[in-house]
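Novice: One structure follows; several queries about it will come next.
Bear in mind these aren't lab numbers, they're just calculated from the coordinates by the rules spelled out. Bear in mind that the values here come from a model prediction, so they are computed numbers and not experimental data. In this analysis, Cβ positions are derived from the backbone assuming ideal geometry, glycine residues included, and neighbour counts consider all displayed protein chains.
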Amino acid sequence: MAAKYKIPRGTYDILPDQSYIRRFLQDKFREAAETFNYREIITPIFEVADLFERTV
């Protein structure tokens, strides 16, 4: 029996036609931010749910 995988809710694939535009815009925003001395940080794509759960 073949495994059935579901993509995580709220995620999507960026296909080649869209990836070029996305990369172009990211580069332009990065360049603009750097002119104001902002530096890039890269955070994990997924985090454990406990990090976001609130305790009462």
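Novice: Is the C-alpha gyration tensor of the chain telling us rounded, prolate or oblate? Criteria: a/c under 1.5 is rounded; beyond that, a/b larger than b/c is prolate, otherwise oblate.
Specialist: Here the chain falls in the oblate category.
Novice: Still on this model: Within 10 Å of each candidate Cβ there may be at most 12 other Cβ atoms; applying that plus a DSSP loop requirement, which trypsin sites (Lys or Arg not before Pro) in the chain survive?
Specialist: Details: sites: K4, K6, R9, R22, R23, K28, R30, R39, R54; in loops: K4, K6, R9, R39, R54.
Answer by residue number: K4, K6, R9, R39, R54.
Novice: Compute the helix-to-body angle for 16-34: its Cα long axis versus the longest principal axis of the chain, expressed 0 to 90° and rounded to tens.
Specialist: 50
Novice: Fewest Cβ neighbours within 10 Å first, please rank Y5, Y20 accordingly. Could you put the intermediate results ahead of the total?
Specialist: Working: Y5 5, Y20 10.
Lowest to highest Cβ neighbour count: Y5, Y20.
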